[in-house]
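**Student:** I'd like to ask some things about the structure below.
All of the numbers you see were taken from the coordinates with simple rules; none came from a lab. These numbers come from a predicted model, not from an experiment. Counting neighbours? That spans all protein chains shown, and the Cβs are built from the backbone with ideal geometry, glycine included.
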Amino acid sequence: MAALTGRKIAIFIENNHNDHEVWYPFYRLREAGAEVSIVGPELKNYTSKLGQIIKSDITAQEAQAHLYDALVIPGGYAPDLMRLCPPMVSMVTRHVEAGKVVAAICHGCWLLASAHVLQGKRVTGAPSIKDDLTNAGGVFEDSEVVVDGVIISSRKPEDLPAFCRKIVAALQ
């Protein structure tokens, strides 16, 4: 039996996302038995930094009605657009408050800052957003993966194996 059977996970999507930071968790979590949904601001196709297309399964507005076992926020430049989507921001806040796993990698950690969930929390992310994370109250660590309560964060695509291991472990 797969370790995450029955678990529901949402992966956020927007244009200019990092392909690896979407597809690696998508397939890793599905392989572990989780039901994975792609959540975007709208129900449409989104284009990655490399020009690949992924379609959202559900809008963020509709997804707000659900409490997922985990949210996964990929990087690239998509999180800068996700921050402009109030339902995505509020989902992050609500899930952290409910004690659900929220995992962000690279620039995805920007959404943690916008959701005001970093006060006093250890966090990592892309080096270029270190100031944003600390200005939001986070305690920045330059580590491949940082876990503080229900928040899991990583820096870059090379950290994906450790990032996904921590997500799976947190959900078991």
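**Student:** Can you tell me, using C-alpha contacts under 8 Å and at least 6 residues apart, the relative contact order of the chain as a whole percent?
**Tutor:** Dividing the mean separation by the residue count of the chain yields 20 percent.
**Student:** Once the piece of chain linking L43 and L84 is laid out straight, how much longer is it, given 0.36 nm per residue of separation minus the C-alpha distance between them?
**Tutor:** Here the answer is 13.1 nm.
**Student:** Please enumerate, by chain and number, the aspartates and glutamates with C-alpha under 14 Å from the C-alpha of K44, excluding those fewer than 8 residues away in the same chain.
**Tutor:** Within the straight-line cut-off, K44 pairs with E14, D57, E62.
**Student:** Could you tell me the center-to-center distance, by alpha carbons, between segment 58-104 and segment 124-166 in angstrom?
**Tutor:** 16
**Student:** May I pose another question? Just list whichever of K100/K166; K121/K166; K55/K130 have alpha carbons separated by over 20 Å in the model shown.
**Tutor:** Over 20 Å apart, Cα to Cα: K55/K130.
**Student:** Could you run the Karplus curve 6.51 cos²θ - 1.76 cosθ + 1.60 with θ = phi - 60° over segment 120-127 and give me ³J(HN,Hα) per residue in whole Hz, x for Gly and Pro?
**Tutor:** Result, ordered by residue: x, 8, 6, 7, 10, x, 4, x Hz.
**Student:** Continuing with this model, one more query. How long is segment 1-113 along each principal axis, judged by its Cα atoms, biggest number first, in Å?
**Tutor:** Cα spread of segment 1-113 along its principal axes, largest to smallest: 36, 28, 24 Å.
**Student:** For segment 27-172, what does the alpha-carbon gyration tensor say about shape, rounded, prolate or oblate, given a ≥ b ≥ c as the root eigenvalues, a/c under 1.5 as rounded, and a/b over b/c as prolate?
**Tutor:** rounded
**Student:** Can I ask one more? Give a residue-ordered list of calculated ³J(HN,Hα) values for segment 141-152 (Karplus: 6.51 cos²θ - 1.76 cosθ + 1.60, θ = phi - 60°; whole Hz; x for Gly, Pro).
**Tutor:** Along segment 141-152, the couplings run 10, 8, 9, 5, 8, 10, 10, 9, x, 8, 8, 10 Hz.
**Student:** Right, here's the next one. Order these peptides, 55-66, 12-23, 149-160, 37-48, by their mean beta-carbon neighbour count within 10 angstrom, highest first.
**Tutor:** Answer by packing, highest mean first, reads 12-23, 149-160, 37-48, 55-66.
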